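In what follows, a structure is listed as structure tokens, so that the remarks can point back to it.
Every number here is computed from the coordinates shown, using simple stated rules; none is lab data. Because the structure is predicted, anything quoted here is derived from the model rather than measured. We place every Cβ from the backbone using ideal geometry, glycine too, and count neighbours over all the protein chains shown.
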Ligand SMILES: NC(=O)c1ccc[n+]([C@@H]2O[C@H](COP(=O)([O-])OP(=O)(O)OC[C@H]3O[C@@H](n4cnc5c(N)ncnc54)[C@H](O)[C@@H]3O)[C@@H](O)[C@H]2O)c1
């Protein structure tokens, strides 16, 4: 099937923690990626970030991502930026180094390319100072892990034409980011200023012996951290104000800001003693896990939470749904596009991290979820779509039978193909086969009855659905009856 996404090229300048995350995000969204990083270990490090990203990112989507782009490493920065429409600078946080890099970049790159900087602290005007083409440079500040978290703080100056800012937003959205356009530049943008405030307060609490690093983390993750992840600060406080909302909340808690609750204007000195104290407490808290293990724990948790938000179409979950909507056209064939003489492609997706169990493979209940999605798609193909259901008719499942044939792991790209065994009158009997490449993973057989949603009783489908089923029945008549269809668990002899 034809993909409707044009191939794009990104250059990654600096491939550490953050550059590696950008590389993974672009690559898994179908862009070609060209990396320049003088560190001989860069290829290995990016490979490790990519392994984590392949496991976690594609399954966030309920439709397939485009085929992966190609990844290349270059010894020369000028060569790396050839043909790149997006250049992402993620070198260490030193202004002199960044300015030197832009000079080299701008001598070699396409003047129309966007140069985004991952800087956590510098203002875009500082980065544009003395540049060959200041209008080409903007701040695009990401959050770790860049391959999962949607936020990009997009900070331009008056030197950046509005057309360029819009183009940057379009590119960022196309790879699943949420670009937050920050209209007034400020040191450290928005999110990091906020995090710095919390970080300073936490350092004081630990230094003064009020709390350990673990107690600080529990105070965040058991309560307000979960709240923040879905509603942020102001919406949460609005709700906390009760029926009277934000005004009441401010009247009630505003004065507390003047109480001696904060030391935010003051920073504890980073003495060796403080550094040892925090590092020792952190070792005691989390030292039983390697950093790689912690990354995996983090990614599993993030995927689970983001997919839960997706079901609510809220916050980061709404961004995921918008990205799916961008990818959806062309992902699965319609009645007119499909070769009806063969089982029809009804599901194509990567296995999400939250579908796997303690054995590391797909939980048995998720096979049913995948087959149910395939049945929904089959219903859509024959005309039982959202409009039809709203008009009062639908199919209810009467029976399912699943056979588990082979293991399926997180990140695996699975496809379901559906053969119609019977489609006549009220009855619809389908046989799904799930594959990874050519490997058969499972089969799922479903028997459904058409019902009237008013009487909740079986009823005849529309003439259009009857006709569509007749067309498929005729086209698939030459297919053999699938091995395993009609099978049941037999009573032991
Ligand atoms: N770590 C974070 O959580 C985080 C989050 C958001 C933004 N940032 C920003 O991202 C940028 C990079 O941070 P990081 O954490 O990835 O650092 P890092 O040290 O992990 O990676 C920097 C990489 O740049 C490479 N490098 C050094 N000089 C270079 C040059 N002249 N040309 C090309 N590559 C060069 C290094 O070899 C290294 O691989 C910084 O500006 C930082 O503020 C970091």
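Pairing the Cα long axis of helix 42-56 with the longest principal axis of the chain, what angle in degrees results, from 0 to 90 and rounded to the nearest 10?
40 degrees
What whole-number distance in Å separates the alpha-carbon centres of the range 413-441 and the range 470-486?
Distance between centres, Cα-based: 10 Å.
To two decimal places, what compactness ratio does the range 242-397 give when its Cα radius of gyration is scaled by 2.2 N^0.38 Å?
Cα-based Rg divided by the globular estimate yields 1.70.
By per-residue mean of other Cβ atoms within 10 Å, what is the highest-first order of 87-99, 325-337?
My ranking of the peptides, most packed first, is 87-99, 325-337.
In terms of the Cα gyration tensor, with a ≥ b ≥ c the square roots of its eigenvalues, is the range 1-64 rounded because a/c is under 1.5, prolate because a/b exceeds b/c, or oblate?
oblate
Listed highest first by mean packing, meaning other Cβ atoms within 10 Å per residue, what order do 272-282, 426-436 come in?
426-436, 272-282
What FRET efficiency do you get for residue 400 and residue 210 if R0 is 56 Å and r is their Cβ-Cβ distance, rounded to the nearest 0.05?
0.50
Quick one: length gained pulling residue 464 to residue 158 fully straight, 0.36 nm per residue minus the C-alpha distance? Intermediate values should be presented prior to the final figure.
Details: separation 306, 0.36 × 306 = 110.16 nm, distance 5.69 nm.
Between residue 464 and residue 158, full extension yields an extra 104.5 nm.
With contacts defined as alpha carbon pairs under 8 Å and 6 or more residues apart, what's the relative contact order of the range 189-253 in percent?
It comes to 12 percent, rounded to a whole number.
Can you classify the range 169-318 as rounded, prolate or oblate using the Cα gyration tensor, where a ≥ b ≥ c are the square roots of its eigenvalues, rounded means a/c under 1.5, and otherwise it's prolate if a/b beats b/c and oblate if not?
Cα axes put the range 169-318 in the oblate bin.
With a ≥ b ≥ c the root eigenvalues of the C-alpha gyration tensor of the chain, is it rounded (a/c under 1.5), prolate (a/b larger than b/c) or oblate? It would help to have the intermediate numbers written out before the result.
Values: a/c = 2.04, a/b = 1.62, b/c = 1.26.
The shape class here is prolate.
Expressed as a whole number of Å, what is the distance separating the alpha-carbon centroids of the range 349-387 and the range 18-68?
26 Å
With angles folded into 0 to 90 degrees, how steeply does helix 191-207 sit against the dominant principal axis of the chain? Use alpha carbons for both and round to 10.
Roughly 70 degrees, rounded to the nearest 10.
Ordered by packing density, taken as the mean number of other Cβ atoms within 10 Å over each peptide's residues, highest first, how do 169-182, 229-242 rank?
169-182, 229-242
Subtracting the Cα-Cα distance from 0.36 nm times the residue separation, let me have the gained length for residue 457 to residue 311 in nm, one decimal.
Full-extension gain reported as 49.6 nm.
For residue 76 and residue 389 in one chain, what is 0.36 nm times their gap in residues minus the Cα-Cα distance, to one decimal in nm?
106.8 nm
Using Cα atoms only, what is the angle between the long axis of helix 17-28 and the major principal axis of the chain, expressed in degrees (0 to 90) to the nearest 10?
The helix 17-28 is inclined about 30 degrees to the chain.
Suppose only helical runs count, i.e. DSSP H with n ≥ 4. What mean residue ellipticity at 222 nm does that imply for the chain under -39500 (n - 2.57) per run, divided by all residues and rounded to the nearest 500 deg cm²/dmol?
-12000 deg cm²/dmol
What number, in percent, do you get for the relative contact order of the range 264-346 if the mean sequence gap of Cα pairs under 8 Å and at least 6 apart is divided by its residue count? Write down the numbers at each step before the final one.
Values: 22 pairs, mean separation 9.0, N = 83.
Dividing the mean separation by the residue count of the range 264-346 yields 11 percent.
Explain nothing, just the number: relative contact order of the chain, from Cα pairs under 8 Å at least 6 residues apart, as a whole percent.
Answer for the chain is 12 percent.
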